[in-house]
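Take a look at the structure below.
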Amino acid sequence: MAHRHPSKLTAEHVVHPGARRLLKAELANCAECRAQGDADALGDTAVLESLLHGFVLKRAEQWRNRHSRYPVTLYDLAPPDELRFLDIATREVVRLCVVEGRAGDRVETAGALAELANLTDEERARVLGDLVDGILEDEG
Ligand SMILES: [Zn+2]
């Protein structure tokens, strides 16, 4: 049966309820809800898009500096040392995530979502893991 995990999840850039459920399950270390959340994320583009959006905005805030100009891909914004921590498939995806707007506060993920659709299930699962880890890095 479905149950709830009380949590202090912030992840202010992630709005989709399914995406937030997955993050809360991860914080609670609940295998049952994580499995369900992973399945939701991998089966529903809206959930994956919401996680990607939250990941890109969070990392963009961390990685930008006063010289950053938009539009720029998240890949180009990333310090090279940080890219090493990402799976190869995730690196390909963040090459296609564009941070835009005068303040760099909007993201364009259409190309990245198309790339995600081309990946194998295994690759997509590894990307999902990177997104969740990044979003939750300083939470919980
Ligand atoms: Zn649970």
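The values are calculated or read from the model by the stated rules, or taken from the named source; none is laboratory data. Bear in mind that the values here come from a model prediction, so they are computed numbers and not experimental data. Heads up, the Cβs are rebuilt from the backbone with ideal geometry, glycines too, and the neighbour counts pull from every protein chain shown.
Name the single residue, out of those in region 26-42 being closer than 21 Å to Asp121 by Cα and within 12 Å of the ligand (Cβ to nearest atom), that is surrounded by the fewest Cβ atoms within 10 Å (Cβ to Cβ).
So in region 26-42, the residues closer than 21 Å to Asp121 by Cα come out as 26, 31-42.
Add one more test, that the residue is within 12 Å of the ligand (Cβ to nearest atom), and what stays is 26, 31-37.
Values: Glu26: 23, Ala31: 9, Glu32: 11, Cys33: 19, Arg34: 18, Ala35: 12, Gln36: 16, Gly37: 24.
This residue is Ala31.
Starting from residues that are within 13 Å of the ligand (Cβ to nearest atom) and of a type in the set (Gly, Ala, Ser), keep the ones in region 1-25 and report whichever is surrounded by the fewest Cβ atoms within 10 Å (Cβ to Cβ).
First, pick out the residues of region 1-25 that are within 13 Å of the ligand (Cβ to nearest atom): 1-7, 21-25.
Then drop every residue that is not of a type in the set (Gly, Ala, Ser), which leaves 2, 7, 25.
Numbers: Ala2: 7, Ser7: 15, Ala25: 22.
Residue satisfying both the conditions and the ranking: Ala2.
Working carefully through the options Ala19, Ala35, Ala25, Ala39, find the one that is in contact with a Leu (Cβ under 8 Å, 6 or more places away or on another chain) and in a helix (DSSP H, G or I).
On the way: Ala35 fails: in contact with a Leu (Cβ under 8 Å, 6 or more places away or on another chain); Ala25 fails: in contact with a Leu (Cβ under 8 Å, 6 or more places away or on another chain); Ala39 fails: in contact with a Leu (Cβ under 8 Å, 6 or more places away or on another chain).
Unique residue meeting the criteria: Ala19.
Which pairs do you get when a residue that is without any contact (Cβ under 8 Å) to a residue 60 or more places away in the chain and at negative phi, found in region 24-49, comes within reach of a residue that is within 13 Å of the ligand (Cβ to nearest atom) and not in a helix (DSSP H, G or I), reach meaning Cβ atoms under 6 angstrom, with the pair 6+ apart or on two chains?
Here the result reads Lys24/His5; Lys24/Ser7; Ala28/His5, each pair linking region 24-49 to a residue that is within 13 Å of the ligand (Cβ to nearest atom) and not in a helix (DSSP H, G or I).
Within region 94-140, can you find the residues that are at negative phi, touching a residue at least 40 places away in the same chain (Cβ under 8 Å), in a loop (DSSP other than H, G, I, E, B) and more than 14 Å from the chain's Cα centre (by Cα)?
Asp105, Glu139, listed by residue number.
Is it true that Val107 is out of contact with any strand residue (DSSP E or B) (no Cβ under 7 Å at 6 or more places or on another chain) and β-branched (Val, Ile, Thr)? Can you show your working first?
On the way: out of contact with any strand residue (DSSP E or B) (no Cβ under 7 Å at 6 or more places or on another chain): no; β-branched (Val, Ile, Thr): yes.
The answer is no for Val107.
Could you check Arg91 against (1) among the basic types (Lys, Arg); (2) modelled with pLDDT of 95 or more; (3) within 16 Å of the ligand (Cβ to nearest atom) and say which number it fails?
Result: Arg91 passes all but (3).
Limited to region 29-62, what total is found for residues that are in contact with a His (Cβ under 8 Å, 6 or more places away or on another chain) and among the β-branched types (Val, Ile, Thr)?
The total comes to 1.
Just need a number here: residues in region 80-93 that are of a type outside the set (A, V, I, L, M, F, W, C), surrounded by fewer than 20 Cβ atoms within 10 Å (Cβ to Cβ) and either touching a Gly at 6+ places or on another chain (Cβ under 6 Å) or in a helix (DSSP H, G or I) (or both).
Keep residues of region 80-93 that are of a type outside the set (A, V, I, L, M, F, W, C), which gives 80-82, 84, 87, 90-92.
The next check asks that each one be surrounded by fewer than 20 Cβ atoms within 10 Å (Cβ to Cβ); those that pass are 80-82, 84, 87, 91-92.
Within this subset, residues satisfying the condition of being either touching a Gly at 6+ places or on another chain (Cβ under 6 Å) or in a helix (DSSP H, G or I) (or both) are 80-82, 91-92.
The total comes to 5.
Can you name the residue in region 59-79 that is aliphatic (A, V, I, L, M) and under 24 Å from Leu136 (Cβ atoms) and, of all such residues, is surrounded by the fewest Cβ atoms within 10 Å (Cβ to Cβ)? Can you show your working first?
At the first step, the residues of region 59-79 found to be aliphatic (A, V, I, L, M) are 60, 72, 74, 77-78.
Among the residues that remain, those that are also under 24 Å from Leu136 (Cβ atoms) are: 60, 74, 77-78.
On the way: Ala60: 23, Leu74: 25, Leu77: 21, Ala78: 19.
Filtering first and then ranking leaves Ala78.
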